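These notes are about the structure you will find just below.
The values are calculated or read from the model by the stated rules, or taken from the named source; none is laboratory data. In this text, all values refer to a predicted model and were calculated from it rather than measured experimentally. Every residue, glycine among them, receives a Cβ derived from its backbone with ideal geometry; neighbour counts consider all protein chains shown.
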Amino acid sequence: MDKKDIKSLWNYEYRIILLLLPCIIIFNSIVFVIDYRAGILTLVFSLVICIIVIRYLTSYRLELTGTIIGNAIRQSSVQLKLLKKLEIPYILLDCNGKIFWSNTAFKKIFPKGTPTHLKNIQNLFPDIKGISNPLDKDRESTIISYNDKKYRMEVVLAKLNGLEEVMDSIPENLSKNPWYTAYFYDITNELTLKEELEEERIIIGLVYLDNYDEVMGGIEEAKQTLIRAHIERKINKYFSQMGGLIKKMENDKYFLVFPRKSLAAMKEDKFTILDEIRSINLPTEQSPTLSIGLGLHGDSYEVDYEYARTAIDMALGRGGDQVVIKDHEEISFIGGQAQTVAKNTRVKARVKAHALKELLTTKDSVVIMAHKIPDFDAIGAAVGVYRIAFSQGKKAYIVLDEVNTSIRLMVDSLSTIPEYQGEMFISSEEAKEVLNDSSLLVIVDVNRGSYTECPELLEKATHTVVLDHHRQSKDSITGAVLSYVEPYASSACELVAEIIQYSGDNIKIHAIEADAMYAGIAMDTGQFSNKTGVRTFEAAAFLRRCGADMTRVRKLFREHLEEYKAKAQTVQNAEIFEDRFAISICDAQGLESPTIAGAQGANELLNIIGIGASIVLTPYNDSIYISARSIDEINVQLIMERLGGGGHGTMAGAQMAGCTLEEAKEFVKVTIKQMLEDGEI
């Protein structure tokens with residue numbers, strides 16, 4: 001009981017006396033009226049009684065006060081003893097984190113003799129960030145570590161309630177400041193059990209043979225059974241050693257489950273099963289490759305399976321021969337060193353063409369958009385989609401903010417086509433006005449939203465289609481109603497050319513349109529010397545039949561003297577790094593399209609004997625554009641992904657900002673060296 005309680009008790013007793021006093025006065029007055037002598041006697045008697053009561057209360061008050069204070073002190077002492085003997089570590093600390101009192105259990109956390117009194121809690125537990133003063137809520141909780149043990153520290157705003165009278169270590173001048181109590185719950189065993197349960201949780205995966213049809217296509221049927229058995233034996237052996245179970249769904253598809261604790265070992269050996277499958281010698285020149293998609297940390301196994309499906313789709317969309325792990329919102333990649341092999345089947349192209357045709361019938365207009373600083377492949381693919389939409393009577397637009405020197409001749413040629421005159425090319429601002437709920441947004445030659453000409457259109461569009469040949473990355477466009485991302489293709493123009501062939505016989509391509517698409521294929525394949533397959537030449541042959549002219553296309557590739565000099569200077573300034581990489585800086589000041597000159601310089605560096613990959617850095621608009629090229633030895637996309645970019649195995653790029661050219665160049669070198677040491681390239 002504190003002073004406030006004592007005062008309340010005395011106020012209660014005095015109120016009783018004040019209530020009895022009027023009764024005594026009224027009683028004496030009545031007696032006086034009846035008999036004044038009797039009234040005098042009752043008055044004297046009443047005064048004597050009042051004096052006795054007042055003297056008694058006065059003497060008893062001191063005794064009562066002493067008794068109450070003594071009980072309060074004894075009660076506080078009992079509480080203090082209980083706190084000292086409490087098995088849960090407990091401390092009292094001020095708003096600055098200084099410990100003024102602790103019980104025995106808290107002291108046992110530390111080695112014997114370790115001082116804790118008046119020590120700051122952050123000095124005892126370095127991983128404590130601090131206590132918000134005042135607390136944002138009634139209780140704050142945090143996990144801390146000490147000597148291989150984990151504790152959950154609960155901090156509560158404390159009221160001393162008289163304890164300051166018995167704790168001599170608390171200065172009286174600090175009693176008005178906020179004070180806190182902290183409990184330390186040992187949760188080491190709890191967390192260990194959670195980790196063990198987590199390690200035993202099942203991971204769901206899908207395993208696909210990327211090029212099954214291509215590998216088996218040229219092998220006798222009798223040998224196919226032996227090859228399939230050999231591949232399955234390797235797959236089963238690897239995952240069985242990891243405690244997994246794998247079930248064959250189709251000839252080239254497997255369902256996989258294994259405990260999560262095995263994932264670390266698989267990551268450590270970088271999923272050697274990829275190398276084992278790739279190293280199988282077959283009668284054909286092609287080697288089989290494997291793709292694995294894993295899903296984990298979903299709310300249920302059903303969600304994990306959906307994660308695995310997303311992961312395997314991304315693995316295939318990046319060219320296969322790799323592992324993609326989707327851990328809730330995080331996505332990681334392992335492998336992907338092998339060059340992609342072209343698919344000979346056109347089934348997917350036919351299906352996608354039919355799906356695009358159905359989508360166009362439900363829309364009134366089409367907005368086509370490529371990447372920033374578009375090249376021949378971007379414009380050519382956009383023109384092809386434009387022709388498909390135009391042939392179905394739909395109003396179509398191509399988003400183009402700036403016409404660079406590399407595509408100016410092409411754009412000028414397209415402008416001569418009568419039906420294209422007017423609103424064929426529109427700016428981003430105009431596209432925002434045109435795009436509505438009845439419009440279809442088609443993205444070509446890019447699958448990353450941030451790289452498009454106008455990323456805001458992706459947010460506004462209700463229906464989006466993606467047609468691209470670059471390998472997918474973490475921030476690839478999601479939510480598209482139709483996605484045709486085929487890294488096996490040489491170019492976006494190749495994909496669009498195939499779609500045109502399956503979109504109907506009523507599509508008549510103008511010769512200049514055929515020139516644009518043919519130029520796109522020629523540029524991305526380095527004049528048909530890189531990443532070409534059977535379907536590449538078939539697409540080129542189709543465009544030739546549509547009127548593509550080699551002379552006109554060659555004129556599109558001509559460049560100004562200043563650009564040619566910048567490209568030559570890039571080759572001259574090249575530095576050979578790690579015996580296989582040519583790294584250079586393209587000083588393209590004054591050029592209208594410096595990034596084009598940098599990319600062309602990277603292509604030229606590949607002509608040097610012994611160079612496996614070329615990387616050219618070009619400063620432009622307060623950023624540094626990086627162009628990476630290779631022939632077949634090194635997957636430059638893996639390098640560019642480390643730098644925040646992407647692309648595909650032989651042609652990739654990235655952008656860097658907030659650093660100088662020399663800093664960017666050094667960062668590229670460090671990245672390459674680290675990846676070489678880790679065996680990633």
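Of the residues Arg535, Arg471, only one is of a type in the set (D, E, K, R) and within 19 Å of Lys372 (Cα to Cα); which? Let's see the steps before the verdict.
On the way: Arg535 fails: within 19 Å of Lys372 (Cα to Cα).
Every option except Arg471 fails the conditions.
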Test result for Thr188, more than 28 Å from the chain's Cα centre (by Cα) and outside the structural domain of Asp299 (by TED's automatic domain parsing): yes
Criterion: of a type in the set (Gly, Ala, Ser) and within 25 Å of Glu592 (Cα to Cα) - qualifying residue of Ser439, Ser365, Ser391, Ser428: Ser428
Residue in region 557-566 that is modelled with pLDDT of 90 or more, in contact with an Asp or Glu (Cβ under 9 Å, 6 or more places away or on another chain) and of a type outside the set (Lys, Arg) present: no
Residues located in region 570-590, provided they are out of contact with any Ser or Thr (no Cβ under 9 Å at 6 or more places or on another chain) and buried (at least 16 other Cβ atoms within 10 Å of the Cβ): Phe577, Arg580
Matching entry among Ser291, Ser262, Ser287 (being in contact with a helix residue (DSSP H, G or I) (Cβ under 7 Å, 6 or more places away or on another chain), of a type in the set (Ser, Thr, Tyr) and not in a loop (DSSP other than H, G, I, E, B)): Ser291
Single residue of Tyr488, Tyr451, Tyr518 found to be within 13 Å of Ala381 (Cα to Cα) and among the hydroxyl-bearing types (Ser, Thr, Tyr): Tyr518
Qualifying positions in region 543-579 - under 42 Å from the mean Cα position of the chain (by Cα), touching a residue at least 40 places away in the same chain (Cβ under 8 Å) and not in a loop (DSSP other than H, G, I, E, B): Leu543, Leu556, Glu563, Thr570, Phe577
In region 426-441, the residues that are surrounded by fewer than 20 Cβ atoms within 10 Å (Cβ to Cβ) and in a strand (DSSP E or B): Ile426
Selection from region 238-259 of residues that are in contact with a strand residue (DSSP E or B) (Cβ under 6 Å, 6 or more places away or on another chain) and part of a loop (DSSP other than H, G, I, E, B): Met242, Gly243, Gly244, Asp252
Top-ranked residue in region 564-605 [being of a type in the set (Val, Ile, Thr) and touching a Leu at 6+ places or on another chain (Cβ under 9 Å); ranked as nearest to Glu633 (Cα to Cα)]: Ile583
Subset of region 615-654 that is within 23 Å of the chain's Cα centre (by Cα) and surrounded by fewer than 19 Cβ atoms within 10 Å (Cβ to Cβ) - its residue that is farthest from Gly335 (Cα to Cα): Gly644
Residue within region 347-360 that is in contact with a helix residue (DSSP H, G or I) (Cβ under 9 Å, 6 or more places away or on another chain), part of a loop (DSSP other than H, G, I, E, B) and within 23 Å of Asn436 (Cβ to Cβ) present: no
Cβ pairs under 6 Å, 6+ apart, first in region 595-609 and in a loop (DSSP other than H, G, I, E, B), second surrounded by 24 or more Cβ atoms within 10 Å (Cβ to Cβ): Leu606/Ser614; Leu606/Arg629
